[in-house]
């Protein structure tokens, strides 16, 4: 009772847990008090009442039927959704501390959006177990509504978490099921493109390069119709990797020679080498050695770089 009452008065004063606890107790301890997990000492209650400008006896009164304003809650959800989409995670913990998802008045769809914000925050923090818990909660809550951008965001993060654990087939099951549903909907063309991009990555990771290439090409046709150049840099790099795996080095050159990035330069150099354009490859590799960060290379790029280093180092000294 005391904890719930402290939380109510704190919210009425528009204070975060950090602001109320500062200099008195830790935010974690205040959270435990508000949840009823611990009982604070009289000294702590006095200090909290002083900061809340109330009498200590106010903590003993019955909790009112205080309700958050629905419009304010939705405004906050939308505000923090935009922040995490922009990879801005500052102050997200303040939003989490309000525990809006526990309010009976908040609809299932909005609870799903809240849990997705939590999941993205915890994923950013590297707290994977909490990210997994919240993304599963988000997907469960969002099942009650039709597919939209938020739902696709949740599916993307779920699949990211699965692929990091090597669960590529499970990720593909999610993506294919959602793609089937989304393809039946109107005004979901961008979401279809996003799903195709993620499916292509998954098929690449399991070694199904032809299927991965077909999905990329389907994505590109859809993008051309919509006049959208979706994730150009990562999409082209993925396609280049697929074509390299398929030994289509002429097509790799067409895609990469105009990109001008260190990643692209590596594939340009390797393709010229495989096409027998050795002197061009040697010249390219000399420049590449001065610009590329070997520690940042993925598995395929490391293999290509190692082969070039082994084959071309001797020619570079001639």
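Reported count of residues in segment 5-23, each being in contact (Cβ under 8 Å) with a residue 12 or more places away in the chain, in a helix (DSSP H, G or I) and surrounded by fewer than 17 Cβ atoms within 10 Å (Cβ to Cβ), is 3. I'd like to check something: does segment 144-163 contain any residue that is farther than 22 Å from residue 111 by Cα, free of Cβ contacts under 8 Å to residues at least 40 places away in the same chain and surrounded by fewer than 18 Cβ atoms within 10 Å (Cβ to Cβ)? Checked segment 144-163: no residue is farther than 22 Å from residue 111 by Cα, free of Cβ contacts under 8 Å to residues at least 40 places away in the same chain and surrounded by fewer than 18 Cβ atoms within 10 Å (Cβ to Cβ). Exactly one residue out of 272, 221 is without any contact (Cβ under 8 Å) to a residue 24 or more places away in the chain and either in contact with a strand residue (DSSP E or B) (Cβ under 8 Å, 6 or more places away or on another chain) or within 20 Å of residue 210 (Cβ to Cβ) (or both), and it is 221. Per this entry, residue 223 is not counted among residues that are surrounded by fewer than 16 Cβ atoms within 10 Å (Cβ to Cβ) and either touching a helix residue (DSSP H, G or I) at 6+ places or on another chain (Cβ under 7 Å) or assigned to a helix (DSSP H, G or I) (or both). Scanning segment 226-235 for residues being surrounded by 15 or more Cβ atoms within 10 Å (Cβ to Cβ) and without any contact (Cβ under 8 Å) to a residue 24 or more places away in the chain gives a total of 0. Only residues that are in contact (Cβ under 8 Å) with a residue 12 or more places away in the chain and either in a helix (DSSP H, G or I) or closer than 12 Å to residue 304 by Cα (or both) were counted across segment 239-269, and they come to 21.
If you go through segment 24-37 and keep only what is surrounded by 14 or more Cβ atoms within 10 Å (Cβ to Cβ) and not in a helix (DSSP H, G or I), you end up with 24, 25.
One line per residue, one yes/no per condition, for (1) at pLDDT 85 or above; (2) over 30 Å from residue 191 (Cβ atoms):
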{"site": "241", "(1), (2)": "yes, no"}
{"site": "252", "(1), (2)": "yes, no"}
{"site": "258", "(1), (2)": "no, no"}
{"site": "283", "(1), (2)": "yes, yes"}
{"site": "296", "(1), (2)": "no, yes"}
{"site": "304", "(1), (2)": "yes, yes"}
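Among all residues of segment 238-245, there is at least one that is within 23 Å of residue 208 (Cα to Cα), touching a helix residue (DSSP H, G or I) at 6+ places or on another chain (Cβ under 7 Å) and surrounded by fewer than 17 Cβ atoms within 10 Å (Cβ to Cβ). Selection within segment 191-214: residues that are out of contact with any helix residue (DSSP H, G or I) (no Cβ under 7 Å at 6 or more places or on another chain) and in a helix (DSSP H, G or I). The member of this set that is farthest from residue 228 (Cα to Cα) is 210.
The values are calculated or read from the model by the stated rules, or taken from the named source; none is laboratory data. Since the structure is predicted, the reported quantities are computational estimates derived from the model, not experimental observations. Neighbour counts are summed over all protein chains in view; Cβ atoms, including those assigned to glycine, are modelled from backbone coordinates with ideal geometry.
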